[in-house]
Amino acid sequence: MYEEISISVEQASDAKVLIISVAARLAGMHPQTLRQYDRLGLVQAGRAGGGGRRYSERDVALLREVQRLSQDDGVNLAGIKRIIGLEQMVGDLQQQVAELQQQLREAYARIAELEGVGPYPGRDLVRQPQPSTALVVWRPRRGDGR
C-alpha cells in the first residue's frame with residue numbers, strides 16, 4: 001500500500017504537511033507514540049489551523065532515527081533527546097563556521113583588491129616591520145634654557 005521511503009535527516013524537507021497518521025505510518029510507529037514524542041520534545045510537530053499535528057519529511061526521518069537509537073542501540077528517551085540536541089547544535093555550529101569562512105574569503109578578496117588599487121599597486125598598504133622593543137626616554141624641556 002505505502003512504498004518504503006528512505007530519506008536522511010539532512011536531505012528531507014522541512015515543510016510540515018503530513019498529518020499524524022501518515023507520518024506515523026511512514027515512520028513505522030503508532031500515532032500515540034508520535035504524540036508522546038511531541039510532548040517530550042523529541043520530535044516536535046507543527047500545528048495546523050485547527051490544532052492538528054503536522055509533520056515534515058525531516059520529522060519522519062528523525063522519528064526513524066529515534067526508533068533506531070531506542071531499539072537497536074538501547075538508548076533511553078532522555079539520552080535520545082540529548083543526542084538530538086547535540087546533533088542540532090553541531091549542525092548550527094557547522095553552518096556558523098561555513099558563514100565565517102565565507103566572510104573571511106570575502107575579506108581576503110577585499111584586501112587583495114585594495115592592494116591592487118592606486119598608482120603604485122601593492123604599495124598603498126604598507127606592511128610594518130616588527131615593532132621595536134627599544135626604550136625611549138623622554139625628558140621635558142625646562143624653561144630656564146638648559
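Some notes on this structure:
- Test: residue in region 80-87 that is at pLDDT 95 or above and in a loop (DSSP other than H, G, I, E, B): no
- Close Cβ contacts (under 9 Å, 6 or more residues apart or on different chains) running from residues in region 34-45 that are in a helix (DSSP H, G or I) to residues that are of a type in the set (Asp, Glu) comprise Leu34/Asp59.
- Annotation: Tyr37 fulfils all but one of (1) in contact with a Lys or Arg (Cβ under 6 Å, 6 or more places away or on another chain); (2) open to solvent by less than 30 Å² (accessible area, probe 1.4 Å); the unmet one is (1).
- Residue selected from region 76-109 under the condition of a type outside the set (Lys, Arg) and touching a residue at least 24 places away in the same chain (Cβ under 8 Å), by the criterion surrounded by the most Cβ atoms within 10 Å (Cβ to Cβ): Ile80
- Residues located in region 53-75, provided they are open to solvent by 40 Å² or more (accessible area, probe 1.4 Å), in contact (Cβ under 8 Å) with a residue 24 or more places away in the chain and not in a strand (DSSP E or B): Glu57, Arg58, Arg64, Glu65, Gln67
- In region 124-146, residue modelled with the lowest pLDDT [restricted to those that are open to solvent by 100 Å² or more (accessible area, probe 1.4 Å) and among the charged types (D, E, K, R)]: Arg146
- Qualifying residues in region 4-32 (those that are modelled with pLDDT under 90 and in contact with a helix residue (DSSP H, G or I) (Cβ under 7 Å, 6 or more places away or on another chain)) - the one nearest to Gly50 (Cα to Cα): Asp14
The values are calculated or read from the model by the stated rules, or taken from the named source; none is laboratory data. What you are looking at is a predicted structure, and each value in this text was computed from that prediction instead of being measured. Glycine gets a Cβ as well: all are built from the backbone with ideal geometry, and neighbour counts include every protein chain shown. SASA here: full protein model, heavy atoms, side chains in, ligands and nucleic acids out. Shrake-Rupley method; radii C 1.70, N 1.55, O 1.52, S 1.80 Å.
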